[in-house]
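Here the structure comes first, spelled out in structure tokens, and everything after it is commentary.
The values are calculated or read from the model by the stated rules, or taken from the named source; none is laboratory data. The structure displayed is predicted, hence computed values, not measured ones. Here Cβ is always computed from backbone atoms with ideal geometry, including for glycine, and neighbour counts include all displayed protein chains.
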């Protein structure tokens, strides 16, 4: 059933007229915006062939874009693995029965969630040479910053996931004689992981987007390729805008694929009989640099 | 500790810039986000599709790309200049990019809020003879608004932290650049980092606590 059917009466003649009018106004407004952009591009010569031609050369893809993509994916992959480990450890630590474990873990998680990620990356970037001597800490600073921040968010997801398993599950487990570790590993975690999966994947979308911060500390990723390396290579053609559009499309495609995975996982875990826990809603995660992770049910359709 | 005291005025000025960016972007993104959500729930397929396309494109673009594009692409190449004063222009460009980006998250938070209101509420409102605008005004929106407080708080917190990405737009007045600048001059300083981190926490944590408290206090019991 559609919400609109409940909210609205089936439109009568006047309602239909009004809707048609709104459609027409909307179309006109969109066309005006489209034409405005088109004419601005025309004015600045952005439709010329030499501006777009580099992106059909195989060389540009093999020499610039794919290595850039590799940089982005390497940073994202390393950070994802580390953040998942960090999140699992600190999330479980926050559930500990011992205050001396629970409280420090809580402080760490809250602090790293509240600090802007870029400040963290800058700080790690500048502090490492002082601690360990010279060297190239660009990738390290990026991955460490992403790990600490996203790991802290994931720690909250893990905690929420374990808490979402109904109490009867752990009570039953204790009743059949399992100890604390057994209850956690055999009963709670297997169910919690199913419930957490969509939220985890949504957070990985945020992490992937945040790798673009590496641009600011000159990490060679997709964004740096598009803004710093490709345009100077094709002077006098002015490829900055076309490069930005191509690069942006790649980011959008990657993130939409990951979001689609999150949606699919969410649907599956909603159906799943393997867990008694409801899926952990991504809305429960306080937003990070990417804001609230994309709501899984929001890909294109209403 | 000495460095923190010596550079405190610079850093405070930078932090004030972040707060100004946050305020301006909060207002703009809330307005734009409301417009977007109105488009996305409107009875007109064209507007719905346009709203959905905008949200999905902008939300999936890294903010760093968006801000760098605003400065290098829109301003430098396309000639979008708000002000002859480079500093004012930079401020407005960052505000624009940040608002365009945050508006998509505002839109999604509002839409999720409308979706929390059960069908039965709308059905009951119709059944007792309320008109469309009455049921929206008296039944749906009051419940939706309460469900939206906490997520909107998270969006705003993220936006405040995102003001530091202004550096990507070449706008070098904010606290992230001020921190980097002092590190370049005097070497890394842990007290400076802790000081700035505490300043952000002093702004962000109360917002989180307040919106959390408010949403619990106003929660609709179902």
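Checking the stated criteria, residue B:147 turns out to be in a helix (DSSP H, G or I), within 10 Å of chain A (Cβ to nearest Cβ), in contact (Cβ under 8 Å) with a residue 24 or more places away in the chain and under 30 Å from residue B:19 (Cβ atoms). The single residue among B:25, B:83 that is touching a helix residue (DSSP H, G or I) at 6+ places or on another chain (Cβ under 7 Å), modelled with pLDDT under 95 and farther than 30 Å from residue B:185 by Cα turns out to be B:83. Is there a residue in segment A:82-101 that is within 13 Å of another protein chain (Cβ to nearest Cβ), farther than 18 Å from residue A:214 by Cα and either touching a residue at least 24 places away in the same chain (Cβ under 8 Å) or touching a helix residue (DSSP H, G or I) at 6+ places or on another chain (Cβ under 6 Å) (or both)? For segment A:82-101, residues within 13 Å of another protein chain (Cβ to nearest Cβ), farther than 18 Å from residue A:214 by Cα and either touching a residue at least 24 places away in the same chain (Cβ under 8 Å) or touching a helix residue (DSSP H, G or I) at 6+ places or on another chain (Cβ under 6 Å) (or both): absent. Elements of the type helices (runs of 4 or more DSSP H) sitting completely within segment A:1-94 and holding at least 1 residues that are at pLDDT below 90: these cover A:3-7, A:13-43, A:49-52. Scanning segment A:169-188 turns up no residue that is crowded, with 24+ Cβ neighbours inside 10 Å and free of Cβ contacts under 8 Å to residues at least 60 places away in the same chain. Once segment A:143-184 is narrowed to residues that are assigned to a loop (DSSP other than H, G, I, E, B) and in contact with a helix residue (DSSP H, G or I) (Cβ under 7 Å, 6 or more places away or on another chain), the residue that is nearest to residue A:208 (Cα to Cα) is A:165. Just wondering, is there one or more residues in segment B:205-213 that are in contact with a helix residue (DSSP H, G or I) (Cβ under 7 Å, 6 or more places away or on another chain), surrounded by fewer than 23 Cβ atoms within 10 Å (Cβ to Cβ) and at the interface with another protein chain (Cβ under 7 Å from one of its Cβ atoms)? Scanning segment B:205-213, I find at least one residue that is in contact with a helix residue (DSSP H, G or I) (Cβ under 7 Å, 6 or more places away or on another chain), surrounded by fewer than 23 Cβ atoms within 10 Å (Cβ to Cβ) and at the interface with another protein chain (Cβ under 7 Å from one of its Cβ atoms), so the answer is yes.
Every residue, every condition in (1) in a loop (DSSP other than H, G, I, E, B); (2) touching a residue at least 60 places away in the same chain (Cβ under 8 Å); (3) away from chain B (no Cβ under 14 Å), yes or no:
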residue	(1), (2), (3)
A:195	no, yes, yes
A:209	no, yes, no
A:216	no, yes, no
A:238	yes, yes, no
A:249	no, no, no
A:260	no, no, no
A:277	yes, yes, yes
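Can you find a residue that is assigned to a helix (DSSP H, G or I) and closer than 30 Å to residue A:228 by Cβ anywhere in segment B:198-211? Checking segment B:198-211: at least one residue is assigned to a helix (DSSP H, G or I) and closer than 30 Å to residue A:228 by Cβ. Annotation: residue B:171 fulfils all but one of (1) out of contact with any strand residue (DSSP E or B) (no Cβ under 8 Å at 6 or more places or on another chain); (2) in a helix (DSSP H, G or I); (3) under 22 Å from residue B:100 (Cα atoms); the unmet one is (2). Considering B:97, B:79, the condition of being more than 9 Å from every other protein chain (Cβ to nearest Cβ) and either more than 11 Å from the chain's Cα centre (by Cα) or within 22 Å of residue A:206 (Cβ to Cβ) (or both) is satisfied by B:97 alone. Kindly indicate whether any position in segment B:181-192 is touching a helix residue (DSSP H, G or I) at 6+ places or on another chain (Cβ under 6 Å) and in a loop (DSSP other than H, G, I, E, B). Yes - at least one qualifying residue is present in segment B:181-192.
Residue-level check: of (1) more than 19 Å from residue A:276 (Cβ to Cβ); (2) crowded, with 19+ Cβ neighbours inside 10 Å; (3) modelled with pLDDT under 90, residue A:198 misses just (1). Within segment B:106-126, is there a residue that is within 28 Å of residue A:243 (Cβ to Cβ), buried (at least 16 other Cβ atoms within 10 Å of the Cβ) and at the interface with chain A (Cβ under 9 Å from one of its Cβ atoms)? No, because not a single residue in segment B:106-126 is within 28 Å of residue A:243 (Cβ to Cβ), buried (at least 16 other Cβ atoms within 10 Å of the Cβ) and at the interface with chain A (Cβ under 9 Å from one of its Cβ atoms).
Take the conditions (1) facing chain A (nearest Cβ under 10 Å); (2) buried (at least 21 other Cβ atoms within 10 Å of the Cβ); residue B:169 misses just one of them, which is (1). Taken across segment B:45-61, residues that are touching a residue at least 12 places away in the same chain (Cβ under 8 Å), farther than 27 Å from residue A:39 by Cβ and facing chain A (nearest Cβ under 7 Å) do occur, with at least one present. Note on segment B:1-106: enclosed helices (runs of 4 or more DSSP H) holding 2 or more residues that are more than 30 Å from residue B:194 (Cα to Cα) are B:2-40, B:45-59. For residue A:74, are the conditions met, namely being surrounded by fewer than 24 Cβ atoms within 10 Å (Cβ to Cβ), within 15 Å of residue A:214 (Cα to Cα) and out of contact with any helix residue (DSSP H, G or I) (no Cβ under 7 Å at 6 or more places or on another chain)? Taking the combined requirement at face value, the residue satisfies it.
Looking across segment B:14-38, the residues that are surrounded by 14 or more Cβ atoms within 10 Å (Cβ to Cβ) and farther than 30 Å from residue B:55 by Cβ come down to B:14, B:15.
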